[in-house]
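To start, the structure itself, in structure tokens.
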Amino acid sequence: MLTAFTAGLLLITISELGDKTFFIAAILSMQHPRRLVFAGVTAALAAMTILSVVLGQAASLLPKIYIYYAEIVLFTAFGIKLLYEASKMPASTCATEVVEEAKDAVAKAEKKLPKQKTSWAIILEAFLLTFMAEWGDRTQFATIALAASNNPIGVTIGAILGHSICAAIAVLGGRMLAGRISERILTFIGGCLFIVFGIVAALEGA
């Protein structure tokens, strides 16, 4: 359980910093009460984590040999992809494209809501924007892979804690950090971490 918890915590914390959901939380927190944004974002990420773990547990019913190779291929492929993306990124701080995508998503959502928003409307907005941005993200697939071969409770707690840490950083200091986060460095670290998990998966199943 401790191994699963640590894996979930590290993988999510490193991968989510500077991600689209990170900037969505940061932008929303500039326009609405931080506690409401944090509640909505965290709830969405927790729901996505639980869903991913359930899918991972369902996948664990497959023959072990399939899970073994799928986990190695998934983590290694994501790692190589991230390292390649990092090599193509400029040495500048923040990825403008990711920030612009987050701004566009928030702007579209804001237009559909009345100017006078209730607390529940703000929480729901943060929940839906985050959930949709996280759907199909690499961290979702990584969580599924972790849950397929590790303790589901440990993965769930570790991943939710990792998401909560990133959400808290985004809500409390996202504006200050937005121009200082090096997307290239974070992507490189994430790529290395994915490859390490691929190697660990290969060694554990050998």
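The values are calculated or read from the model by the stated rules, or taken from the named source; none is laboratory data. Since the model is a prediction, treat every value here as computed from it, not as a measurement. In this analysis, Cβ positions are derived from the backbone assuming ideal geometry, glycine residues included, and neighbour counts consider all displayed protein chains. Just so you know, the surface numbers come from the protein's heavy atoms only, side chains and all, with ligands and any DNA or RNA stripped out. Shrake-Rupley method; radii C 1.70, N 1.55, O 1.52, S 1.80 Å.
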Selection within segment 138-155 - modelled with pLDDT of 85 or more and open to solvent by 30 Å² or more (accessible area, probe 1.4 Å):
144, 151, 152, 153
Scanning segment 180-206 for residues that are open to solvent by 30 Å² or more (accessible area, probe 1.4 Å) and modelled with pLDDT under 80, which turns out farthest from residue 151 (Cα to Cα)?
180
Would you list the helices (runs of 4 or more DSSP H) that sit entirely within segment 96-162 and hold 1 or more residues that are touching a Ser or Thr at 6+ places or on another chain (Cβ under 6 Å) and not small (Gly, Ala, Ser)?
119-134, 138-149
Pull up segment 111-137, narrow it to residues that are open to solvent by 100 Å² or more (accessible area, probe 1.4 Å) and of a type in the set (Lys, Arg), then point me to the one that is farthest from residue 20 (Cα to Cα).
115
Could we say that residue 80 is at pLDDT 80 or above, closer than 26 Å to residue 39 by Cα and among the β-branched types (Val, Ile, Thr) here?
no
Please give the helices (runs of 4 or more DSSP H) falling wholly within segment 1-95 in which 3 or more residues are open to solvent by 60 Å² or more (accessible area, probe 1.4 Å), closer than 22 Å to residue 200 by Cα and free of Cβ contacts under 8 Å to residues at least 12 places away in the same chain.
64-88
Limited to segment 113-148, what total is found for residues that are touching a helix residue (DSSP H, G or I) at 6+ places or on another chain (Cβ under 9 Å), of a type in the set (Lys, Arg) and farther than 30 Å from residue 62 by Cα?
1
